[in-house]
Amino acid sequence: MKSMIGVLGGTFDPIHDGHLAMARFARAQLDLSKVLLIPAGFPWQRQPRASAEDRLHMAELAVVQQPFIEVDAREVRRPTPTYTLDTLEELHASYGSDQPFCLILGSDAFLNLPTWKEWTRVLELAHVVVLCRPGFDLPVEHLSPALREAWDARQGSVAELQNSPGGRMIRLEMPPVPISSTQIRHALAHSLSSLEGLLPPPVLNYIETHHLYRPRS
């Protein structure tokens, strides 16, 4: 069995230290060979403030000193709306049909999974890794019936993920990182406080140089 590869997608609007912490934590817990950080090009469920190219450049700057985290630009280069299903199919075409991938999600994204394009097919193409803060269990009573059924049937241990090509789900407790892109955009727009410790310095420099996230006139 090949070593597992992590997949962490998002708008990254902007990318911040919390995103990098998720990637590092998942890699360490699951012994991933690397984590692919994949900025969404044209996300169909939200409208980013920064352009796809700016978000891609910021992601690339963020991982310069991050071993085992690699930016993948395929969604930005794709001229159509961003769907995880298409990305996983492309990744399997690139890495091989037997390459196991771990789709790294926060708990909110996991709860929203049934709204994704052909989400049950997504479950066949990758393991799903849900990162939760300590002491916070998934509110299974609030899962849709289909997602609850999938969760009950597919839960596995780290060893089970490592020994199967895909299709398992696991919940990992991750120390909280109280950072959000919304918080950062608000602070940038209103010059409220220093962002030291929230953003990689090269990303903050890029934002300031390109005048991103300023109030819209």
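Taking the dipole about the Cα centre of the chain, with the C-beta of Lys and Arg at +1 and of Asp and Glu at -1, give me whichever of 166, 198, 151 is farthest to the positive side.
198
Could you run the Karplus curve 6.51 cos²θ - 1.76 cosθ + 1.60 with θ = phi - 60° over the stretch 112-117 and give me ³J(HN,Hα) per residue in whole Hz, x for Gly and Pro?
Rounded to whole hertz, the list is 8, 3, x, 8, 6, 4.
Going by amide H atoms built from the backbone, whose H comes under 5 Å of the H on residue 10, apart from near neighbours?
Under 5 Å from the amide H of residue 10 lie the amide H atoms of 38, 40, each far enough along the sequence or on another chain.
At 1.4 Å probe size, with the rest of the protein present, what percent of the exposed accessible area of the stretch 1-157 is carbon and sulfur atoms? Please list the in-between numbers first.
Details: 3430 of 7010 Å².
Taking all protein chains in place, the stretch 1-157 shows 49 percent carbon and sulfur surface.
Of all alpha-carbon pairs in the stretch 2-144, indicate the percentage at a distance above 19 angstrom.
Details: 5170 of 10153 pairs.
Within the stretch 2-144, distances greater than 19 Å cover 51 percent of Cα pairs.
Which shape class applies to the stretch 106-174: rounded if a/c is under 1.5, otherwise prolate when a/b exceeds b/c and oblate if not, where a ≥ b ≥ c are the square roots of the Cα gyration tensor eigenvalues?
Working: a/c = 1.67, a/b = 1.04, b/c = 1.60.
Cα axes put the stretch 106-174 in the oblate bin.
Send over a whole-number figure in Å² for the accessible area per residue of the chain, probe 1.4 Å. Walk me through the numbers before you get to the answer.
Details: 10670 Å² over 217 residues.
Per residue, the chain has 49 Å² of solvent-accessible surface.
On a 1.4 Å probe surface of the protein chains, which of 210, 92, 127 comes out largest in accessible area, and what is the full order? Each step should come with its number before you reach the end.
Values: 210 90, 92 25, 127 0 Å².
My answer, sorted largest first, is 210, 92, 127.
Taking only DSSP H segments of four or more residues, each worth -39500 (n - 2.57), what value at 222 nm results for the chain once the sum is divided by all its residues, to the nearest 500 deg cm²/dmol?
Values: 10 runs with 87 residues, N = 217.
It lands at -11000 deg cm²/dmol.
How large is the charge dipole for the stretch 2-71, taken about the Cα centre, if only the Cβ atoms of Lys, Arg (+1) and Asp, Glu (-1) carry charge, to the nearest 20 debye?
With only Lys, Arg, Asp and Glu charged at Cβ, the dipole is about 200 debye.
Anyone know which of 69, 179, 104 comes out most mobile in the 10 Å Cα GNM of the chain?
179
Please state the charge dipole magnitude for the chain, taken about the Cα centre, from unit charges on C-beta atoms (+1 on K and R, -1 on D and E), reported in debye and rounded to the nearest 20. Mind showing how you got there, number by number?
Working: 20 positive and 24 negative charges, 66 e Å.
Roughly 320 debye, rounded to the nearest 20.
Take every DSSP beta bridge with both residues inside the chain and express the antiparallel ones as a percent of the total, to the nearest 5.
On the way: 0 of 25 bridges.
DSSP beta bridges in the chain are roughly 0 percent antiparallel.
Which cross-chain or sequence-distant (5 or more) residues have an amide H under 5 Å from the amide H of residue 35, H modelled 1.01 Å from N in plane?
6, 69, 70
The values are calculated or read from the model by the stated rules, or taken from the named source; none is laboratory data. The structure displayed is predicted, hence computed values, not measured ones. Virtual Cβ from ideal backbone geometry, glycine too; neighbours counted across all protein chains shown. Each accessible area value is taken on the protein alone, full model and side chains, heavy atoms only, with ligands, DNA and RNA left out. Shrake-Rupley method; radii C 1.70, N 1.55, O 1.52, S 1.80 Å.
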